Every structure is written in structure tokens, then in C-alpha cells.
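**Q** First the structure, which I've put down as C-alpha cells, then a few questions once you've had a look.
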Amino acid sequence: MKKIRCPKCDEPIAFDPARYEPGSSLVFECPQCGKQFRIRLPARREEAEEAARPVAGTLLVVENAFHTEQTLPLYAGRNVIGREVRGTNINCPVKTVDPSMDTLHCRIDVDTDKQGRPRFTLSDGPSGTGTFVGTEILGDRERRRIEDGAIITLGATTLILQTGSGDAQTN
Ligand SMILES: [Zn+2]
């Protein structure tokens, strides 16, 4: 069984994706609020490609009063970051009780440059408390290129980008 969340009231709705054709479009009616919404199941080929994606980098979540240290893998494509809640639909959830981190707080898009090296681009949710790189808050529609060692703050939570390039400046 899989769970999705009602886009209107956040009610979790369970369904069995094995009962449907890959790639098909499903319509749900929320039992809580009656909202109708549509989702598309991934085609198997896409899922297989997804599973085979190499890790482009990681996010180190620094331990604090709300959570222990965690390492989150980042993949090519869009990584959606936020506080993990039951049935969450994002692909990069943080296990934390930090109430100032939104359940969808920011995104890191990973693509590659001409040399095939991964590039990391950060953008805000939009979130309630904003997304910071160092001490600078990102603008509403800003897309900020971030490098190895970038310090990202989401609410009361600090994350450090680790690209595995191994050439971080030490000055
Ligand atoms: Zn609902």
C-alpha cells in the first residue's frame, strides 16, 4: 500500500498502486473533505531509471535539540526537502520535530556541467521561515547555485552540502 495526502486538507489516503497500470492517471476523492484530485502513477521504466540514479551528493543534517545527525542523498533531478510527516510525498524528508521547518521547505535541483560534474541549485519552497545560504535569505524566485560545504538553514535546522568533490577550501 502507498499513501498520498489530500492537497486540500492533508488527510492521508491509502491505495494499492499494484492494482493499477503503470503510468495511469487516478482520480481520488478525499474521505475527509470531499476534494477530488488526480495523480499519475510512474511508468515502470521511469521507476527503474529512478532506482538506478547515482547519488550526486549528500546533505548533512547537523544534530540539534530537534533531531540527531542525518545524511540525506541527493540525486540528479529535483530533490524536495522538508520535515518528514506521515505519508509525506517529498523525496528528501528530514526526520525532525523542528516546527519551523516546513513539510516542503526548499528544493535542490541537480544537473551536470559540460564536464559532467554535478551542479546544485537551491530554491525556496516557498516556506514560512525562508531558506538561508550562510546568512543570506533566498529571494522568492531566486535559484542559487551552491557548492561543496554550503551551509543551508531551514528554520532551526542546519544542513551542509557535501558534493564529494573533495576539494573544499580550507582557508
Ligand atoms: Zn481532504
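The values are calculated or read from the model by the stated rules, or taken from the named source; none is laboratory data. If you're wondering where the values come from, they're calculated on a predicted model, not measured in any experiment. Cβ coordinates were reconstructed from backbone atoms using ideal geometry, including for glycine residues, and neighbour counts include every protein chain displayed. When the accessible area is computed, the model is the full protein with side chains, heavy atoms only, and any ligands, DNA or RNA have been set aside. Shrake-Rupley method; radii C 1.70, N 1.55, O 1.52, S 1.80 Å.
**Q** Using a 1.4 Å probe, what is the accessible area per residue for segment 2-48, in Å²? Walk me through the intermediate numbers first.
**A** On the way: 3300 Å² over 47 residues.
That works out to 70 Å² per residue.
**Q** For the residue pair residue 89 and residue 115, what label-to-label distance in nm results when each label sits 7 Å from Cα along the Cα-to-beta-carbon direction?
**A** 3.9 nm
**Q** Related question: Please compute the Kirkwood hydrodynamic radius of the chain from all pairs of different C-alpha atoms, in Å with one decimal.
**A** This gives a value of 17.6 Å.
**Q** Using the heavy atoms of the protein chains and a 1.4 angstrom probe, tell me the accessible area per residue for segment 53-162 in square angstrom. Provide the component values of the computation, followed by the final result.
**A** Values: 5740 Å² over 110 residues.
With the other protein chains kept in place, segment 53-162 gives 52 Å² per residue.
**Q** Still on this structure, I have one more. For segment 53-162, give the percent of accessible area contributed by carbon and sulfur heavy atoms, probe 1.4 Å, rounded to a whole number.
**A** Details: 2980 of 5740 Å².
Here it works out to 52 percent.
**Q** Nearest 500 deg cm²/dmol is fine: what mean residue ellipticity at 222 nm does the chain get from its DSSP H runs of n ≥ 4 alone, each adding -39,500 (n - 2.57), divided by its residue count?
**A** My calculation for the chain gives -1500 deg cm²/dmol from helical runs alone.
**Q** Which residues does a label at residue 8 reach in segment 26-46, if reach means a backbone N under 18 Å from a point 7 Å past the Cα toward the Cβ?
**A** Only 26-39 fall inside the zone, counting backbone N under 18 Å.
**Q** Quantify, in whole percent, the carbon and sulfur part of the accessible surface of segment 2-48 (1.4 Å probe; protein heavy atoms only). All intermediate terms of the calculation are to be shown ahead of the outcome.
**A** Details: 1480 of 3300 Å².
Roughly 45 percent of what the probe reaches on segment 2-48 is carbon or sulfur.
**Q** Additional query: Taking a Cβ-Cβ separation under 4.7 Å as the criterion for a possible partner, which cysteines of the chain have none?
**A** 92, 106
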